[in-house]
Amino acid sequence: MDLLGMRESYLRQRIMLCFNGPISRSLIEEIGNALRNYLHSQDAAPSAAMDVFAAYIEMTQNIRHYALRQGYDEEGASATVAVARNERGHYVVSAGNLVEREDGERVIATIETLRGLDKQALKQAYKQQLRQPRDAASRTGAGLGLLDIARKSSEPMEASLEPLPDGRGFLSLTAII
Amino acid sequence: MTTDLNIPGSQSTPTILGDWQSGRLAMQGDSYPENSYELFDQVIGWVERFLDRESRPLRLDLALVYLNTSSVKAMMDIFDHLEEAHLAGREIGVTWRYDPRNERIAELAEEFREDCTFPFAITPARSEA
């Protein structure tokens, strides 16, 4: 196994913490805990640390909810998560997972819509989504979480969808806090 | 018959205490369970029963820290019940204490307060942590 290659890749991308594999409820908590401790040890401002943690939680819980709803097996229910720092010192939270192509395209379209909204408009959209009835909200899924991440981001979120040979896609989301 | 609520906290769920006799509901800690309604349905039920069966004031004493979006949604349901009761003449009061080093908590509390007309205090208080 090319651990040195992995290490160099992590260093190059300034990755502080990453995970790849099946993600359970308790793993989300444990990795979240490690993330918090790490941010604390780095003397991150409490508000920034909370924003990073929030982006991580919303992304990973979205992935879990989606995989459960789709009835994916362990491999399908896995996530690739990385938290890094960019060259300007901003925290970067990324998460990727397998999705049905059309679901991925819907998320890409949502992220594209959010790109055009300023902080005030994002707040309004968030409050509106919060008022959706419980059932309707759970059908539309990721809406509230994505709005929350967008509100905590210092620039528009980025999303990409890589088509896979089996017809599905790999959806990646990146938020810069 | 006692109808107190006593839910111990965990890493991802707040400590919740509902004291029926004194009409006080206290919640403190982080809240980011995967399915927040598994937790909050009991709390919402307790608030509904209290408002339904009693005519005494209800006070919420909050020291919540981080809430994921599904916990925010559940909390909004609780505040909606309080607002409705308040508009019907019930005495309601909320105090939300937060660590002044983290302004995000005050901002979160403030967004809830925007939709409420009952007394809602957002108070800086250093925690011992």
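Computed from the coordinates by the stated procedures, all read-outs in this text should not be read as laboratory data. This is a predicted model, so every value here is computed, not measured. Every residue, glycine as well, gets a Cβ built from its backbone with ideal geometry; the counts of neighbours run over all protein chains shown.
Below, the figures for the structure above:
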{"quantity": "Mean ellipticity per residue at 222 nm, deg cm²/dmol - from DSSP H runs of n ≥ 4 across chain A, formula -39500 (n - 2.57)", "calculated": "-17500 deg cm²/dmol"}
{"quantity": "With at most 15 neighbouring Cβ atoms within 10 Å, loop trypsin sites (Lys or Arg not before Pro) (DSSP) excluded, longest segment of chain A", "calculated": "A:15-87"}
{"quantity": "Anisotropy class of chain A from Cα gyration tensor, a/c 1.5 cut", "calculated": "oblate"}
{"quantity": "Interchain or long-range residues, amide H under 5 Å from B:ILE122's placed H", "calculated": "B:TRP96"}
{"quantity": "Helix-derived mean residue ellipticity, 222 nm - over chain B, DSSP H n ≥ 4, -39500 (n - 2.57), to 500", "calculated": "-12500 deg cm²/dmol"}
{"quantity": "Relative contact order computed over chain B (Cα-Cα under 8 Å; 6+ residues apart), in percent", "calculated": "20 percent"}
{"quantity": "Angle in degrees between helix B:69-87 and the longest Cα principal axis of chain B, rounded to the nearest 10", "calculated": "40 degrees"}
{"quantity": "Euclidean distance of C-alpha centroids, region B:97-129 and region A:1-74, integer Å", "calculated": "28 Å"}
{"quantity": "Cα extents of chain B along the three principal axes, largest first (Å)", "calculated": "38, 28, 26"}
{"quantity": "Set of aspartates and glutamates near A:LYS152 by C-alpha distance (under 15 Å), chain-local residues within fewer than 8 positions excluded", "calculated": "A:ASP51, A:GLU58, A:ASP118, B:GLU103, B:GLU107, B:GLU111"}
{"quantity": "Residues of type aspartates and glutamates that A:LYS119 reaches as a straight line, Cα spacing below 12 Å, ignoring anything fewer than 8 places off in the same chain", "calculated": "A:ASP148, A:GLU155"}
{"quantity": "Using θ = phi - 60° and Karplus 6.51 cos²θ - 1.76 cosθ + 1.60, couplings along region A:115-122 (whole Hz; Gly, Pro as x)", "calculated": "3, x, 9, 7, 4, 5, 5, 5"}
{"quantity": "Per-residue HN-Hα couplings for region A:86-94 [Karplus 6.51, -1.76, 1.60; θ = phi - 60°; Hz; x = Gly/Pro]", "calculated": "8, 5, 9, x, 7, 7, 10, 10, 10"}
{"quantity": "Kirkwood Rh in Å, taken over all unlike Cα pairs in the protein assembly as shown", "calculated": "20.6 Å"}
